[in-house]
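I have placed the structure first, in the form of structure tokens, so that the comments after it can refer back to it.
Read-outs: derived from the displayed coordinates by stated rules, not from any lab. Only a predicted model underlies this, so the values are computations on that prediction, with no experimental measurement involved. As a convention, Cβ positions derive from the backbone with ideal geometry for all residues, glycine included, and neighbour counts pool all protein chains shown.
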Ligand code: DX5
Ligand code: ZN
């Protein structure tokens, strides 16, 4: 049984398996958790909302037994509503949908909670933070994209740091996580942690230098991102 999610604002590192060995997802999930990952971030792409294609609910269900903690599913798909149930049934703890993926994000967020998952709202770098104002009471997490979604290994977009600070004050004392996705490294993690983010997704910066047969670099990389973020608080 996965652990129930409780809310706190401690720094959480969420490696993205987009940078893992796609032929070894189960072992990769076990390795990153053994090396200190807090959450496992799962990037679903449809070749339509974003230019890249990854995998769907069947893969999520297959990796679920290999994840002890939080399975954080980031849907970069449009339309999204018709697939929510399938990802919830696959065991996602958090399901994030993009505000830009359709005209009815309010309904989408209701559907995610209705399916029994925590509701995440992802916003692209070009989306104004004010767009989330009327959604704040229906989300458990807001994912601020610090790259344009679609690919790992892109450069962090610095203009998003001010967006995170603004979002933090808009959220006030609501139990809402701020997640950062894209270009997170020990250099950029302190900027977003200081601005109020608590969940840091990192793909290339976690998986670089390691493998399932040599997972120690994952641990070193996770620890370096965490230490840099915590030092900024
Ligand atoms: C981008 C994905 C990210 C990506 C992050 O569309 O949502 O989760 O894997 O990768 P890095 O950390 O390499 O920027
Ligand atoms: Zn992601």
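Some points to look at:
- Each of residue 8 and residue 230 was given a label point 7 Å from its Cα along the Cα-to-Cβ line. The distance between the two points is 1.1 nm.
- Footprinting exposure proxy for 7, 151 (fewest neighbouring C-beta atoms within 10 Å first): 7, 151
- Most mobile of 95, 178, 63 in a GNM of the chain (Cα contacts under 10 Å): 63
- Distance between the C-alpha centres of segment 28-46 and segment 61-105: 14 Å, rounded to the whole angstrom.
- Antiparallel DSSP beta bridges within the chain, as percent of all bridges there, nearest 5: 5 percent
- Under 18 Å from the residue 78 label point (7 Å along Cα→beta-carbon), backbone N, segment 139-170: 143-151
- Cα gyration tensor of segment 88-161 - equivalent ellipsoid semi-axes, whole Å, descending: 22, 15, 10
- Summarising the label geometry, the points placed 7 Å from Cα in the beta-carbon direction at residue 115 and residue 137 lie 2.5 nm from one another.
- Mean projection of the Cα convex hull over all viewing directions, computed for segment 114-233: 8.3 nm².
- Separation in nanometres of the label points that stand 7 Å from Cα toward Cβ, at residue 85 and residue 211: 4.3 nm
- A Förster radius of 45 Å combined with the Cβ-Cβ distance from residue 166 to residue 23 puts the calculated FRET efficiency at roughly 0.60.
- With 0.36 nm allotted per residue and the present C-alpha distance subtracted, the residue 174-residue 154 stretch has 4.1 nm of extension available.
- The radius of gyration of the Cα set in the chain, together with its Dmax, comes out at 16.0, 47 angstrom.
- Maximal additional length on extending the residue 187-residue 220 stretch stands at 10.4 nm, based on 0.36 nm per residue less the C-alpha distance.
- Ranked by how many other beta carbons lie within 10 Å on average, peptides 197-208, 24-35 from highest: 197-208, 24-35
- Quotient of C-alpha Rg and 2.2 N^0.38 Å, computed over segment 39-123: 0.98
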